[in-house]
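Presented below is the structure to which this report refers.
The values are calculated or read from the model by the stated rules, or taken from the named source; none is laboratory data. Model, not experiment: these values are computed from the prediction. Cβ: placed from backbone, ideal geometry, glycine included. Neighbour counts: every protein chain shown.
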Amino acid sequence: MSNRLQILYVSRILKQESAYIELRQPGHIAKCINKEIELIRNGLGTKAGDITNSFGFVVGALTFAKAKGLELTLSMLALTLLACGLI
């Protein structure tokens, strides 16, 4: 994904007028690309971990509820769907 973002970023820079590139110091654009891609990578990594953790919690809660009874399972499933905004 980061390679696609870098290619897209460079293609957008190349579509700028030549004055945009000429006014920047050497290495400035490459430094900005690396900095922004790293921020995106860090942000997505955190979110992916949170989603995985939440999914695991929901599966564990539903498994526990199923072990305790059908009514608890259905109520936990309904609460999960409400929390996700699917109902």
- Note on the structure: Reported set for region 1-13 where residues are more than 22 Å from residue 48 (Cβ to Cβ) and either among the charged types (D, E, K, R) or surrounded by fewer than 10 Cβ atoms within 10 Å (Cβ to Cβ) (or both) is 11, 12
- Task: Output yes when any residue across region 57-78 is assigned to a helix (DSSP H, G or I), under 29 Å from residue 8 (Cβ atoms) and within 25 Å of the chain's Cα centre (by Cα), and no when none is.
- Result: no
- Looking at residue 85, is it among the small types (Gly, Ala, Ser), at pLDDT below 75 and within 17 Å of the chain's Cα centre (by Cα)? no
- Matching residues, region 24-56, being free of Cβ contacts under 8 Å to residues at least 24 places away in the same chain, under 23 Å from the mean Cα position of the chain (by Cα) and under 20 Å from residue 10 (Cα atoms): 31, 32, 34, 35, 38, 39
- Query: Quick check, is residue 51 more than 30 Å from residue 77 (Cβ to Cβ) and in a helix (DSSP H, G or I)?
  - Reply: no
- Item | Flag for residue 19 being within 30 Å of residue 72 (Cα to Cα), surrounded by fewer than 12 Cβ atoms within 10 Å (Cβ to Cβ), out of contact with any Cys (no Cβ under 9 Å at 6 or more places or on another chain) and not polar (S, T, N, Q) | no
